[in-house]
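Heads up: the structure comes next, in structure tokens.
The values are calculated or read from the model by the stated rules, or taken from the named source; none is laboratory data. A quick note: this is a predicted structure, and the numbers were derived from the prediction, not measured. Here the Cβ positions follow ideal geometry from the backbone for every residue, glycine too, while neighbour counts run over all protein chains shown. Heavy atoms of the whole protein, side chains included, go into the accessibility calculation; ligands, DNA and RNA do not. Shrake-Rupley method; radii C 1.70, N 1.55, O 1.52, S 1.80 Å.
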Amino acid sequence: SNSMALRFEILGRFNRARAAQLTLPHFISQTPLFMPVGTKGTIKGLTTSQLEEIGCQIILGNTYHLELQPTSELIDELGGLHKFMNWPRALLTDSGGFQMVSLLHLADITENGVTFQSPVDGKPMLLTPEDSIQIQVGTSLCDFASCRENRIGADIIMALDDVVRTTITGPRIEEAMYRTLRWIDRCIAAHKRPNEQNLFGIVQGGLDPVLRDICVKGLVERNLPGYAIGGLSGGEDKDSFWRVVAQCTAALPEDKPRYVMGVGYPLDIVVCSALGADMYDCVYPTRTARFGTALVPEGILKLTHRAMADDTRPVDPTCACMVCKTYTRAYIHCLVTKDAMGSQLLSYHNLYYMLKLSRDLHSSIIKGQLPEYVCLFLSLDIAFYLLSVLFHWFVCGFLQKMFPKGDVPEWVCNAMEVAGIDISSCCAPFSSSQD
Amino acid sequence: MRRFFGLKNPKNQRQRCTAEREREREREREREMKFAVKAWSKGRARAGVLQFVVGSSSSRSNSPSHPTEIEIETPALLLSTRKGLPFFISPDLLPSLPSDSHLLQFSPLHFLEGITPETISAIGGLHEMLGLHEYGFAAVPRDSIVCLPHCDGTNKLGASFETPFGRILIKPSEYIKFISSMKPNSWTTLADEVPAWVSEKRNKTSVDRTVRWLDDCIALSSKGGNIFGAIVGGSSVEERRRSAQEVAKRNVSGYWIGGFGLGESMDDRSPLLNAVTDCLPEQKPRQICGLGLPEEVLQGIDSGVDLFDASYIYNLTAGGFALTFPLERIVRNVSDSQLSNKGSDGTKINLNDAVYRKDNSPIVDGCRCYSCQNHTKAYISHLLNVNEMLALILLEIHNTHHYLGFFRAIREAIKGGKFEEFRNHFIEDSCDHVFATALSA
Ligand SMILES: [Zn+2]
Ligand SMILES: [Zn+2]
């Protein structure tokens, strides 16, 4: 079932969690993976060589923003998005629909597509599923002059879906789900280069398990190279969130990648990975960096806080990134929110943190399948090391650092139970003498 | 028994102190800056070598244990920084610049807020705080960008500056406190810089104050270090000479010429500069502030100045400009391709200009900088258009790289005894171009 443009090989499993190798036209990547968001053809404040250095495998580009500036026509003329931004590894572009609905006040969805007012001249515009595909599909891999109708050229492109807020209820959810299914056929029909670019379908259906189920089944019938779980991280409660993810990952095919869109926080990624999801994207690490917040194993560290002014420790003493190896919290404190360098350095650290988290999830899932008796034949040191990286130990360690008082949120406990991961050791509150 | 061992032995302690003082003196000698003029072109232009030792003996994990000697050929460009780091080039990208980029200028005033001198001291000084152990740091109170001298606010107690934190008055004692916490490789004494138009009386006062602050600074700085004595004197040749002569009498490692770029005309400048440099001993480096444009740098070098700041690079970068003038050879005839470039004056281009929207070539063909090796004008133009920070990173890298190349070409010209020709060609070439564009328009 592997199309020419994508190969997905599962290298290891721990219950529902999986670690895989995802081979794309521009890069062989390892899942679970986090994709930094490069909205306008750049990740804010980082060079592409820095991104390679910290292990970024796939960058997400926003079709809506790129279409506004510099336009997909120009990107195409200059050789596609890879060449334009000089990114040798993989790219994923969204359909543009979500951005329109969330950014434009006057966006409206009809059967034909998304109608909106042009932010350039105010004229009414229409984005159909066909338009979205045409914008996203590029010529950078194509040697034929006849391929001119195609544009940006990412390794993975997303189908245009009918996005509704998860907090909305009622018949609109059902309408959106069925429309998403009708539109996927128009997207498939418009996609001229399935052997070079992978079209992912998006599961919609709000928080309704019945609708989600219909949507998953409908999409799976179309045999797409990969699937996304959409409509989440829009303000729904966490317990509903993980249940939708758990339902979809259980119903989606084993041998295809699963991408949870717009997720997320480190904790969300750990939970979703335990439930069998593979790919994530979020602007949070870079956005929060610009406001002076660092991601650390304990959660977050606000470098803007006055207490940082004389703190001579690294941002995260356990982090091996360039920023943590070199700089003190005090110095970063005097940069953040005032100087460009502050957000550059914190973005670097935050993305490093997310990518390291992805790598740790990947390797702990693979090592986690080693039968325990194997450890008996190894030296104590190595056995101890292996144990410390086994997936469930990794998850426990992660939760222990983030919730040192043992106050792991209930939704996480519930999700982990479904994922088959015993986290009882970190849920039990420590004795107060340790505080 | 335990208590007995815990007791301090006063005699041992004294010995330890003497040994420590000896080691301290040894370190001081190591930190001393050396400078030698190696070649003269006709006139005052000179090429030299500045040597200094970097690498602290602190115990933090990633500092090099052995002090390293850095050699910088002059005339040299000191990279401008904000809080010790380049504006947009992050430290991991710095090594992509040529090795003559290892001299950085910073303003201690940038640290007036957010971090205290005590914390900087606790971290181990500026090199330690920035993780730049193989770089030399030159402290200068004003940065010519956001910290500027404020003549009216300055009084006998201290120098006044306009800063991002508002208008502030810095006394020599406060300034020294910052300097001793930061431990730069060289530092400039406080100056009362005045604009070109002030009265003769005000100008005289500024020279007197600057000399007095020099003495205060020397007296207050316990460990010596490499002091660059500030020279002022506004637009009066006599006062410039008096200021230079006074500073030349003091025991300093180099000279810092202030008060330029404050309203004087380019024509008035050379006699003022010459009056200063003629009073200074030849074998010590001369640093200047306020001369940034290529033709201003050439003018300074013509008067015997050795070290320049790079605030010009910041201004170019912030405005979306990229330097493009030829470096290898200053060509007399402007090529056709240059003529067709809109938004260009022959030395630089503005990437905000729509003509670069579809330009798939690097800023300068054959440029070895990171930006030109990896990105096109079209991409940088797009990044500027959508206000992305990466535009400024790439432009600062290219412009710094290019300007360092300009200084290298100047040094070669001086060594070959051809500085005057180089300067004339450069200026003619820029003028030719302006003329040619005017005709073709
Ligand atoms: Zn870090
Ligand atoms: Zn360049």
**OP:** Sort out which residues of segment A:240-274 are among the aromatic types (Phe, Trp, Tyr) and either closer than 14 Å to A:Ile229 by Cα or buried (at least 24 other Cβ atoms within 10 Å of the Cβ) (or both), and write them in order of number.
**Re:** A:Phe241, A:Trp242, A:Tyr259
**OP:** Go through the residues of segment B:134-144 one by one and say whether even a single one is within 12 Å of chain A (Cβ to nearest Cβ) and open to solvent by 20 Å² or more (accessible area, probe 1.4 Å).
**Re:** no
Original post:
Looking only at segment B:297-317, which residues are in contact with a helix residue (DSSP H, G or I) (Cβ under 7 Å, 6 or more places away or on another chain) and either part of a helix (DSSP H, G or I) or surrounded by fewer than 23 Cβ atoms within 10 Å (Cβ to Cβ) (or both)?
Top reply: B:Leu298, B:Gln299, B:Gly300, B:Ile301, B:Asp302, B:Gly304, B:Ile313, B:Leu316, B:Thr317
**OP:** Tell me, please, whether a residue that is open to solvent by less than 10 Å² (accessible area, probe 1.4 Å), away from chain A (no Cβ under 14 Å) and charged (D, E, K, R) can be found in segment B:39-52.
**Re:** yes
Original post:
Taking segment A:382-435 as the search range and keeping residues that are acidic (Asp, Glu) and in a loop (DSSP other than H, G, I, E, B), which one is modelled with the lowest pLDDT?
Top reply: A:Asp435
Subject >> Where a residue in segment A:329-350 is free of Cβ contacts under 8 Å to residues at least 12 places away in the same chain and open to solvent by 20 Å² or more (accessible area, probe 1.4 Å) and its partner, wherever it lies, is among the β-branched types (Val, Ile, Thr) and away from ligand 2 (no atom under 16 Å from the Cβ), with Cβ under 7 Å and at least six apart >> reply: none
Original post:
What number of residues within segment A:306-329 are away from ligand 1 (no atom under 14 Å from the Cβ) and in contact with a Gly (Cβ under 8 Å, 6 or more places away or on another chain)?
Top reply: 1
Subject >> Pairs with Cβ under 6 Å, 6+ apart, first in segment A:28-40 and closer than 16 Å to A:Tyr284 by Cβ, second acidic (Asp, Glu) >> reply: A:Met35/A:Asp281; A:Val37/A:Asp281
Original post:
Scanning for something in a helix (DSSP H, G or I) and closer than 30 Å to B:Asn399 by Cβ, does segment B:229-247 turn up at least one residue?
Top reply: no
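For (1) in contact (Cβ under 8 Å) with a residue 12 or more places away in the chain; (2) crowded, with 17+ Cβ neighbours inside 10 Å; (3) not hydrophobic (A, V, I, L, M, F, W, C), each residue gets a yes or a no:
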{"residue": "B:Asn203", "(1), (2), (3)": "yes, yes, yes"}
{"residue": "B:Asp215", "(1), (2), (3)": "yes, no, yes"}
{"residue": "B:Ser221", "(1), (2), (3)": "yes, yes, yes"}
{"residue": "B:Gly233", "(1), (2), (3)": "yes, yes, yes"}
{"residue": "B:Ala244", "(1), (2), (3)": "yes, yes, no"}
{"residue": "B:Asp268", "(1), (2), (3)": "yes, no, yes"}
{"residue": "B:Leu273", "(1), (2), (3)": "yes, yes, no"}
{"residue": "B:Val276", "(1), (2), (3)": "yes, yes, no"}
Original post:
Checking A:Val120 against (1) within 14 Å of chain B (Cβ to nearest Cβ); (2) open to solvent by 40 Å² or more (accessible area, probe 1.4 Å); (3) out of contact with any Asp or Glu (no Cβ under 9 Å at 6 or more places or on another chain); (4) closer than 24 Å to A:Lys192 by Cα, which test does it fail?
Top reply: (4)
Subject >> Subset of segment A:312-328 [open to solvent by 30 Å² or more (accessible area, probe 1.4 Å) and more than 7 Å from chain B (Cβ to nearest Cβ)] >> reply: A:Arg313, A:Pro314, A:Pro317, A:Thr318, A:Ala320
**OP:** Among the residues of segment A:78-103, write down those that are in a loop (DSSP other than H, G, I, E, B), more than 13 Å from chain B (Cβ to nearest Cβ) and either open to solvent by 30 Å² or more (accessible area, probe 1.4 Å) or of a type in the set (Val, Ile, Thr) (or both).
**Re:** A:Arg89
Original post:
Can you name the residue in segment A:294-305 that is over 18 Å from A:Phe398 (Cβ atoms) and more than 13 Å from ligand 1 (Cβ to nearest atom) and, of all such residues, is farthest from the chain's Cα centre (by Cα)?
Top reply: A:His305
Subject >> Filter result (of a type in the set (Ser, Thr, Tyr) and more than 9 Å from chain A (Cβ to nearest Cβ)) within segment B:356-370 >> reply: B:Tyr356, B:Ser361
Original post:
Taking strands (runs of 3 or more DSSP E) that do not extend beyond segment A:20-75, which have at least 1 residues that are within 14 Å of chain B (Cβ to nearest Cβ) and not aliphatic (A, V, I, L, M)?
Top reply: A:33-36, A:58-61
Original post:
Of the residues B:His382, B:His398, B:His402, which single one is touching a residue at least 24 places away in the same chain (Cβ under 8 Å), within 14 Å of chain A (Cβ to nearest Cβ) and touching a strand residue (DSSP E or B) at 6+ places or on another chain (Cβ under 6 Å)?
Top reply: B:His398
Subject >> segment B:80-94 - residue that is among the aliphatic types (A, V, I, L, M) and open to solvent by less than 10 Å² (accessible area, probe 1.4 Å) and, of those, nearest to the other protein chains (Cβ to nearest Cβ) >> reply: B:Leu85
